[in-house]
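Step one of this worksheet: look at the structure below.
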Amino acid sequence: TGSTRPQRLLRAVQKNATQGDPQSVINAIDHFCRHKEWAMNVGDEKGSILDSVVSEVNPSTALELGTYCGYSTVRIARLLPPGSQLITLEFNPAYAAVAKQVIGWAGLQDKVQLVEGPSGDLIPQMKDLFGVQSFDFVFLDHWKDRYLPDAKLLEECSLLRKGSVLLADNVICPGTPEYLEYIRNSPRYESRYFKSHLEYTKVEDGLEKSVFLG
Ligand SMILES: CCCNc1ncnc2c1ncn2[C@@H]1O[C@H](/C=C/CNC(=O)c2cc(-c3ccc(F)cc3)cc(O)c2O)[C@@H](O)[C@H]1O
Ligand SMILES: [Mg+2]
C-alpha cells in the first residue's frame, strides 16, 4: 500500500520546512504543489488575498470549513493576534491526521482547534463545545454544494454578528453557483468578488468576500 498525496505533501513539509516557521511551511507546500503534485490548497495567489482579508478583519474567533492538509489553516493562524482562536472542521480522519502534523510543524497548534466531523453536525455545537458567541471570520473551502447550507446554518445558529466576514474559495472553479446566487442577492450581505486564478494554474477562479449586515 503506497502513500497518499496528503502524506507525500506532509513529507515535503518535514523535509523542506523549518519547524516553528509558518512561512517556510507555506513555501514548502506551494513548491510541492507547483513542481511535484498539484493539490487543492488555496495556493499562493489566492492565499495572498486570504491574508489581506484576515489581516483587515483581525479576527478574535475564526472558523474554517474544510481543513484538508492544513495549508490555509496555517495561512490564517499565522496572522491571528495573541489570544485569538481558529476552529477548523475536517470530516476525513486521514486528512485531519495530516493537517494536525502540518499545523504542528508550523508551531501553530496553540492557535488552532482542529475538530474532526461534518460541519452540519458541528456548527450547531460551536457555542457548547468552544464557548463561541459568534465568528468574526469564516473561510469556506469544503464541498462546494455545502457552502450555502452551512452559511444558512451559521445564520440560524446566531454565529454571525453585524460585520462578520465570510470568504469563499472556488466561486468560479469548481464553482458555487447556488451560494453566489444567494449571497449576492441577499439584503443581509454586502459581497465583493476578488478575481484570481485556480491554485498553481492559469485557470480563472476567485474568492467571494461577504460581510454579514445583521
Ligand atoms: C458533510 C460534507 C460537508 N461538511 C464537511 N465538513 C467537514 N469537512 C468537509 C466537509 N465537506 C468536505 N470536507 C473536507 O473539506 C475538503 C474538501 C474540499 C473540497 N474542495 C474542492 O473540491 C476543491 C476542488 C478544486 C479543483 C479545481 C479544479 C479541478 F480540476 C479539480 C479540483 C480546487 C479547490 O480549491 C477546492 O477546494 C476535504 O478535506 C474534505 O474532507
Ligand atoms: Mg479550494
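Here are a few things to note about the model shown:
- Residue satisfying condition, being within 16 Å of ligand 1 (Cβ to nearest atom) and either under 23 Å from Leu198 (Cβ atoms) or modelled with pLDDT of 95 or more (or both), within set Gln101, Gln85: Gln101
- Members of segment 55-67 that are open to solvent by 30 Å² or more (accessible area, probe 1.4 Å) and out of contact with any Gly (no Cβ under 9 Å at 6 or more places or on another chain): Ser55, Glu56, Asn58, Thr61
- Criterion (away from ligand 2 (no atom under 15 Å from the Cβ), open to solvent by 20 Å² or more (accessible area, probe 1.4 Å) and within 29 Å of Phe130 (Cβ to Cβ)) met by exactly one of Ser3, Ser52: Ser52
- Every residue from segment 6-49 that is open to solvent by less than 70 Å² (accessible area, probe 1.4 Å), under 15 Å from the mean Cα position of the chain (by Cα) and more than 16 Å from Gly104 (Cα to Cα): Ala39, Asn41, Val42, Gly43, Asp44, Lys46, Gly47, Ser48, Ile49
- Residues in segment 171-214 that are among the polar types (S, T, N, Q) and over 28 Å from Arg34 (Cβ atoms): Asn185, Ser186, Ser191, Ser210.
- The numbered conditions (1) surrounded by fewer than 18 Cβ atoms within 10 Å (Cβ to Cβ); (2) out of contact with any strand residue (DSSP E or B) (no Cβ under 6 Å at 6 or more places or on another chain); (3) within 26 Å of Arg11 (Cβ to Cβ) are all true for Phe91 except (1).
- Meets criteria (modelled with pLDDT of 95 or more, away from ligand 1 (no atom under 13 Å from the Cβ) and at negative phi) for Thr67: no
The values are calculated or read from the model by the stated rules, or taken from the named source; none is laboratory data. Everything numeric in this text was worked out from a predicted model, so none of it was measured. When we count neighbours, we look across all protein chains shown, and the Cβ atoms used for this are built from the backbone with ideal geometry, even at glycine. SASA here: full protein model, heavy atoms, side chains in, ligands and nucleic acids out. Shrake-Rupley method; radii C 1.70, N 1.55, O 1.52, S 1.80 Å.
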